[in-house]
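A short write-up of the structure that comes next.
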Ligand code: ADP
C-alpha cells in the first residue's frame with residue numbers, strides 16, 4: 001500500500017535518502033508513492049516547475065507581497081492581480097485558512113490557488129488547524145477543476161514565522177489525508193521548497209510519516 005521510491009544517486013534502491021536530481025545538478029528531490037498517487041519534495045523555485053496548479057502563500061487582502069507571493073506575481077504577470085482585484089471587490093479578500101483561485105498568467109500552470117496561512121504566535125491560536133485548512137482548501141479548489149498535479153510552497157514558514165519542524169508534518173498530513181481518499185482526481189502533490197533547510201525539514205517529516213505508516 002505504501003511504497004517509498006526515494007533513492008540515492010548511484011545506490012541500488014529502497015532506503016530513505018535523496019533521489020538523483022531531475023532538474024539541476026545541485027537540487028534535492030524525493031518521492032513517496034501511495035496507491036498510485038504520490039507526494040514529492042523538490043528543492044526549487046516554484047515558479048519554474050511545470051504543474052496543473054500552483055499554490056501561493058498570499059495574505060488576507062490578496063494585495064501581493066514579498067517571498068513566494070512576490071515571485072509568483074512577478075513571473076505570472078499582471079493578470080493574476082487583475083483577477084484578485086475582482087475577487088477582493090466581491091469578497092473583501094480571503095480569510096486565513098482559506099484560498100481563492102485565479103488563472104496562472106505566464107506561469108507554467110493553468111491555475112494559481114492563493115492560500116492565506118496563519119501568522120504564527122505561540123501555537124495556541126488555532127495555527128495548526130488554520131495551516132492544515134490552507135492545504136485542504138487548495139486541494140478542494142484543485143478537485144473542482146480536475147487538477148491532477150499541484151505544487152505547494154511551505155506556507156507560513158517565511159515572514160509568517162511558523163516553525164518549520166511544526167509546519168512540515170501538518171502540511172504533509174493534510175496532503176496525505178487527501179491523497180488516501182479514493183474518489184479524488186489529484187494524483188501528485190509536489191512540495192517545492194526554496195532552500196535546503198526547508199527541504200530537510202519536509203524530508204524529515206515525510207520519512208517519519210512513512211515509517212509510522214509502515215509500522
Ligand atoms: P509566508 O508569509 O506564508 O510565511 P513567505 O513567502 O514569506 O510566506 O515564505 C513561505 C516559504 O516560501 C518560505 O519557505 C520561503 O523560503 C519560500 N519561498 C520564497 N520564494 C519562493 C519560491 N520562488 N519558490 C518556492 N518557495 C519560495
What percent do you get for the relative contact order of the chain when only Cα pairs under 8 Å and 6+ apart count? 23
If each residue of separation counts as 0.36 nm, what is the full-extension length gain between residue 143 and residue 103 once their alpha-carbon separation is subtracted? 12.9 nm
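So if the hydrodynamic radius of the stretch 98-215 is defined as the Kirkwood radius over C-alpha pairs, what does Stokes-Einstein give as its diffusion coefficient at 10 °C and 1.306 mPa s, in µm² per second? Don't jump to the answer; show the numbers that get you there.
On the way: Rh = 14.8 Å.
Approximately 107 µm²/s, per Stokes-Einstein.
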Computed from the beta carbon distance with a Förster radius of 41 Å, FRET efficiency for residue 60 and residue 211 to the nearest 0.05 stands at 0.65
Shape box of the chain [Cα atoms, principal axes, largest first, Å]: 55, 39, 34
Using a simple spin-label model with points 7 Å from Cα along the Cα→Cβ vector, what separation in nm is obtained for residue 86 and residue 126? 3.0
Net length gained if the chain between residue 27 and residue 119 were fully extended (0.36 nm per residue, minus Cα distance): 30.2 nm
Extension length gain for residue 196 and residue 79 (0.36 nm per residue less Cα distance), in nm, is 39.0 nm
Hey, rough spin-label estimate for residue 165 and residue 35, points 7 angstrom out along Cα→Cβ, what's it come to in nanometres? 3.2
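Where a number appears in this text, it was derived from the coordinates with a stated rule and is not lab data. Values in this document were obtained by computation on a predicted structure and should not be read as measured data. All Cβ positions, glycine included, derive from the backbone under ideal geometry; neighbour counts span all protein chains shown.
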